[in-house]
Structure formats: structure tokens, C-alpha cells
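Taken together, the values in this text are just the output of simple stated rules run on the coordinates, not laboratory data. Small disclaimer: the values here were computed from a predicted structure and weren't measured. When we count neighbours, we look across all protein chains shown, and the Cβ atoms used for this are built from the backbone with ideal geometry, even at glycine.
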Amino acid sequence: MFDQSMFFQSFLPIIRAMPTTLILTVTSCVLALLGGIILALLMTCPVKIIRGIFKVVSSFLKGIPILVFLYVFSVSIDSVMTKLYALFNLTYSNRNTPTLQFAILALALSYIPYMADMILSAYRAIPNGQFEAAEAFSFTKSQAMFHIIIPQMTVIAVPNFGNHFVNLLKATSLTCMVTIMEMMGTARNFATMNQTFLEAYTACALLYWLVFEIFERLFQFIEKKAGRYLQPGALTRRRFHLFRKPARMHVSQKQPNPEQAL
Amino acid sequence: MADKILEISNVYKRFGDNNVLNGVNISVEKGEVIVILGPSGSGKTTMLRTINFLDPADAGEISIDGMTVKCQEKNKKKVRALRQKTAMVFQQYNLFRNRTAIENVMEGLTVVKKVPKAEAKKIAEAALAQVGLSDKAALYPAQLSGGQQQRVSIARALVMKPEVILFDEPTSALDPELVGEVLKCIRDVAKTGITMIIVTHEIAFAKEAATRVIFMDGGVVVENGTPDEVINHPKTERAQVFLERINHPQAV
């Protein structure tokens, strides 16, 4: 049984929870990126021991499911916060628990190694000649990085970053398991209250898809804008033209048969 | 007498077990166009790259325009100061991919020499006009042909007002059709009196444009003289064999 009116009624509460989902996604993504930059630097540190340690850290963070992070964090919030408050001689009350902040931290933490990998692969994708040219023209290391290398890395990393972003967006739905009322949590609540599970979850799915689509297009747009110099003729070309019929065929079809014309 | 602008003395370089340079001595006077010939593996490119410390040599001294730096020098400031007296044109052009043609030419001026943008733009426009690419100023390297990219990279080297321009096989990565335009461009630049060192396999170009030809083999200078002396009347057997092969490839 699919109750259509309940299906449509489910939309409003879930839409109201969208900002929470977006806050979770954007802040944890930014944090993960910052952490990723630091981890990438540590993983390429000239000191072998530090490099080794942080490669293990990276693998450790990658190996743990986000849900486990969320559970571990949520059960340790109170004790951590009490200790933290004690440092500043304050008393912590568990009435306004910073669950959201901890969830953001958990999400960010599990994405830090992926961001670091993204940065490292972008760095490695830059041809040696770019470094050499900068060096030969007497650029300092930092001048070369900021004027030549990082702008190119950014372009290379955009598609990857977009993937991580939308994956994080979907991963935020897990935070409903630690009582955060984002889209998924709200949908589940609404469903339980009205006993209309399929309706609420379907509405939720559609809304996730909508948000996903918006960001997917945004990143495609950025990719096209930013990366136009990497391909010849890319200023006018779009990728999906590859899947259309070649233009030549249209021309030949439209051309009148010379024999018939006679 | 012309002034001595570049002096390479006793340069040694090894990669692992491979001794690439075994005591190279070259001295160059202002305004000379020097073409370096030699079989592959003879150390031509390495020699060029030791001059601007892209591959610092293991021993020896480089002196440009009165400034002498030991090859083992680790002080980055000194190396950079010496480097600024040179500019390099690479085999693979190595234009900055994220910059348009004109931005490529401006980049060294604005970033390294701290020239104001407006002024750098004027200088860059003039340089692009000199290599005949004024109409391509707004295009990215990926939108230019190999020959055009190489000309932009020559313009990029010119605007730095170096004492000497180093060309590392500037035409080796080009289609045969495009070699001509780049060689013409180099020839035109040579006429302006700037000192150049060119590693190339273009014998005809060497004959016509060089003021001096150096033949290298086994990491040392084997022959050093006018184009006519070295190319038409080589004294050493090694140079004779090499030039014979290049001049008459069918004889191989």
C-alpha cells in the first residue's frame, strides 16, 4: 500500500531538515580538506619515520566504518566534554550536548585520508616540466607552488573532490543513528509517528537525489570552467558531446543527393 | 675583443655509476651563438642543465657575467642569483599550462622580477610580436601547436633579459614541418646579439647560424671551433664518424 497523500506530506519536514544535512556536509568536507592537506604534507615529510607513522594513521582512518566513528564519538562525548570543561574550571551540563559538532568531527575524520590521497595524486599528476620551468626561471619553491603548481593541482582535484563531497553528503544520513535530526533522521521520525515508512523513505530518497544532482552539476560546472586549459579546444567542447551522433553524419544526411538534384 | 660572459670550468657530473661529464671547459664571449653537437649520451643536455643548476654538477665552477658559483654551492640565494642571468628553452616547451601565452611570458617578470603587471604586459606583448604570435596571446598552451608553444617559450626566455639563453634541443619534439618556424625564430633572436647556447641535431642550422660549434663526446669537449672547422673539417675521428652519419644517413 502506498499512501500518496502521506508521501507528499513527508516532503515538508524532510525539506526543513535539509539545512542540517548541508551544514554537516559542508563543514565536515571543509574540515576533511584541511586535515587532508596536513596529512598529505605529513605523508610526504622528508623524515622517514613521520612519513611511516602517518601512512599507518591514514590506513587506520580509512579502515574504520563511519558508523563506528559516530558511535565511539557519541558515547564518549560526555566524558570528553566534562574533562574539557574542567580544564577551564567550568562545569559541563549534558543538557546541551554538542552532538552535531562531534558528528561533524567523525565524518571529517573518516574522510581525511581520502582528501590526502586526492591531494597527493593531484600533485603527482603534474608533469615534471612544470616544476623545472619554474625552477629554471628562478622561482622560489613557494612561488612555484602558489603560482604554478597549486592552481594546476586544484583543477586536477576538482572531479575527485566532487565525488568525495557527494559521498559525504550521503554519509551524513548515518548521523541519524546518533540522534541528529538531519534529512534521514527526520524521515525516520515522521515515518514512525505516522506508520508510513515506505512513503517517507521514498520522499527522503528523492530529496537526497535532488541535493546530489545540484552539487553534481555545480562541480561539473566548476570542472569545466577551471579545467578549460588542459585540453585543446575545450573552451567550446562539452564532454557529453562524445555520446551524441557525430556532427558529420548530420551534414551528410542533410546534403541532397547530387544525382537526385539533377 | 668581446667580453667573456660565461665560463664553465672543470665540470664533473655523475649519475650513479655513470660519469656523464668528465671535466668540461667552455668559455663563451658576449654575443656568441654556440651550437653543441654530439651523439646522444655525450652529456650535451646535462652540461646545459648544470649551467643553470637544474642538475647541479658534482665539481667545477660556473661563472656568468662576472659572478662565479661553485657547482657544489648549496646556498639557494646564490644559485638563484646566477640562474637569473640565464633563461632556458626546453625540448618539451614546458609552458605553464594554467597560463595563457601572454601570461606565460609575463609570469617570470611579475613573480620573480616584481615588475608591475601593466608594464610586464607591455613587455610581453612586444616579445610575442617579436616571435610573431601577437594574435595568439590569449590562448592556452594546449591550444597552440608545438611550434607556437616553442616560440612562446622563446619569448618567455627573452623578456627575462638574460645574459645567456640556453636551448635544450628546441626542435627535437616538433613535427618536421614546424621545425622551420622555430629555427627562424631562434635565428631572428640571434641577430639581436644575445648570447646563446644551443644543443641541437640540426646540422644545417648550426652551419648557418652558429658563430662557434662545440662537439662533445663521452662527457668532454672534443672539438671546438668555427662551424666550418668542426662540421666540414673535423679533426678527431669520433667527430668525423658522427658527422659522416648525420650528413649521409643512407651510408649507415
What's the extension gain from A:K48 to A:L22 if we count 0.36 nm per residue and subtract their Cα-Cα distance?
5.5 nm
Is there a pair in A:K225/B:K117; B:K4/B:K113; B:K78/B:K161 whose C-alpha atoms are over 20 Å apart, and which pairs would that be?
A:K225/B:K117; B:K4/B:K113
Can you work out the FRET efficiency for the pair B:T211 and A:S59, with r the C-beta to C-beta distance and R0 = 51 Å, to the nearest 0.05?
0.25
Points 7 angstrom from Cα along the Cβ direction at B:A118 and B:T68: gap in nanometres?
4.5
Starting at the first residue of segment B:133-141, write each ³J(HN,Hα) from the Karplus equation 6.51 cos²θ - 1.76 cosθ + 1.60 with θ = phi - 60°, in whole Hz, x for Gly and Pro.
10, 4, 6, 9, 3, 8, 8, 7, x
If we count trypsin sites (Lys or Arg not before Pro) as exposed when they sit in a DSSP loop and have at most 13 other beta carbons within 10 Å, what is the longest stretch of chain B that avoids them all?
B:115-234
Label-point separation (nm) for B:E177 and B:V241, each offset 7 Å from Cα along Cα-to-Cβ?
3.8
Chymotrypsin sites (Phe, Trp or Tyr not before Pro), restricted to segment A:85-122: which are DSSP loop and have at most 13 other Cβ atoms within 10 Å?
A:F88
Give, in nm to one decimal, the length gained when the segment between A:N96 and A:I214 is fully stretched (0.36 nm per residue of separation minus the Cα-Cα distance).
39.2 nm
Name the aspartates and glutamates eligible as straight-distance cross-link partners of B:K235: C-alpha to C-alpha under 15 Å, and not fewer than 8 places from it in the same chain.
B:D217, B:E223, B:E244
Rank these for me by crowding, B:H248, A:H164, B:H201, B:H233, going from fewest to most other beta carbons within 10 Å.
B:H248, B:H233, B:H201, A:H164
Cβ-Cβ cut-off under 12 Å around A:D117, Lys and Arg +1, Asp and Glu -1: the net charge is +3
Computed from the beta carbon distance with a Förster radius of 60 Å, FRET efficiency for A:A205 and A:L41 to the nearest 0.05 stands at 0.95
Search the structure for amide H atoms under 5 Å from the amide H of B:M88, placed 1.01 Å from N in the peptide plane, and list their residues when 5 or more places away or on another chain.
B:L166
Of all stretches in chain A that avoid trypsin sites (Lys or Arg not before Pro) placed in a DSSP loop and having at most 16 other Cβ atoms within 10 Å, the longest is A:96-236
Tell me the label-point distance for the pair A:N194, A:N128, using the 7 Å Cα-to-Cβ offset, in nm and rounded to one decimal.
6.4
Here FRET efficiency (C-beta to C-beta, A:E223 to A:M145, R₀ 22 Å, nearest 0.05) is 0.50
